[in-house]
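One structure is given here, and the rest of the page talks about it.
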Amino acid sequence: MKKLTRLTLAVLLVASLSSCAWLAAGTVAGAFAYIGGELQRDYAATFPNAIEATDKALAELKIRILDKTNDGITCQIEARQGADTPVNVRIQTLAPKKVMIGVRVGRVGLWDRSVAETVHNFIKERL
């Protein structure tokens, strides 16, 4: 039993020190997952409503949309904050009335989580 407990603790320690993020975003309403610089959150919303709310949030935050692709399941938005800070938003359908929205702000290695949280808060207010 002690060996199993030690093994479990060792695995948890390695997992916590690794670069992989393990978060139960789907089990707790409103929980964020921060994976590879993208702040992800699930919303109880239809795909079209999520896109509309995101467009409005970005406009209100004065984040310019440069490009948007939408295949009916996933919508990718490439935008800029200020002169050159990249903002990328990914909206993905999970179920008829459930979407995942991922927001990435900044460049590789220089992600700005606080701005990503602000974008999510503005989206949430509009859904």
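Tabulated data
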| read-out | value |
| --- | --- |
| Within the range 23-126: Cβ-based charge dipole about Cα centre, in debye rounded to nearest 20 (Lys, Arg +1; Asp, Glu -1) | 100 |
| Cα pair distances exceeding 25 angstrom across the range 23-126, given as percent | 11 |
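Any read-out appearing in this document is the output of simple, stated calculations on the displayed coordinates, not a laboratory observation. Remember, it's a predicted structure, so these values are computed and weren't measured experimentally. Cβ sites come from the backbone with ideal geometry, for glycine too, and all protein chains shown count toward neighbours.
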